[in-house]
């Protein structure tokens, strides 16, 4: 029964994430926003909502030690999954289309966009991991750090909106607009924008309920399997809830829209290293150690490798992105061996 609850809750989360993303993409297209804004901000935040809402619900609503462990595990697991499984799928998509003869073996990107994204991510995530290690059990340091991270994301938003990038085109019609098309009712641009915002808002409300159900199922399943709630959340919750990001990015890569595909990942990395981490710093003891710390160090190491290639070569070789997949499987082996 609890497994059915987990599947139902996860289905609600994933469906709502797709509906939300569709809404913000149509919203971005109608306002003539750039690929950087839609990919790194709108789509990134939209598809990052499931793994963001889960730790917030676990920490703020579910409470207790187990809730805190699940929350911290999901917070740390999100950037890890994005840098490993997420970027691996982008590289895989490029290789697949190359083997199909549809493109050269290279990732189409805007170097300045992703240098900015990786820079903000590495700065925020490094501060979140290393400062608490230097000043353990210090609430004041954690509070100040949380404010710094939120300010850092605000600066990132400003720079992204100001940056130059190609405009985006939504790859699907707005879901709420389809009944009007079936009835042959013509909607104005203003009506489409309002419907897109309404669709996104409703998706968020339903997603919160799904996240609450998923956190409850996660705790029960982790106890039955004899796994640490933190480690179970670190591997299972982010992998499952980030399916929208991974699926969307793979599709965009297969269609040659690499800027959107990578922006969806790197923008979510910046978001996940600031807002959810701030919640963890403010409302938990934020003690990162053991396998959780190893996952964070792996994440940062991959990030530094990729930004070095971007700075000096202005590109990300698709074969290099396969390193992300190898890192993910290496971490699974570590968890199985030492948990």
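Numbers for the structure displayed
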quantity	calculated
Calculated [θ] (222 nm, deg cm²/dmol) that DSSP helices of n ≥ 4 give over the chain, each run adding -39,500 (n - 2.57)	-26000 deg cm²/dmol
Fewest-first sequence of 29, 5 by Cβ atoms within 10 Å of each Cβ	5, 29
Order of 182, 252 - criterion: other Cβ atoms within 10 Å of each residue's Cβ, fewest first	182, 252
Sorted by Cβ density within 10 Å, fewest first, the residues 143, 328, 175	143, 175, 328
Highest-fluctuation residue, 257, 181, 189 considered, GNM on the chain with Cα pairs under 10 Å	181
Distance (nanometres) between label positions extended 7 Å along Cα→Cβ at residue 133 and residue 329	2.7
Kirkwood Rh and Cα Rg combined as Rg/Rh, segment 240-316	1.04
Over segment 98-141: Kirkwood hydrodynamic radius from C-alpha pairwise inverse distances, Å	13.7
Along each principal axis, Cα extent of the chain, largest first, Å	57, 48, 39
Percent RCO, i.e. relative contact order, over the chain, from Cα pairs under 8 Å lying at least 6 residues apart	43
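Only the coordinates and a few stated rules stand behind these numbers; no lab work does. These figures come from a predicted structure and were not determined experimentally. A quick note on method: Cβ atoms are made from the backbone with ideal geometry, for glycine too, and the neighbour counts reach across all protein chains shown.
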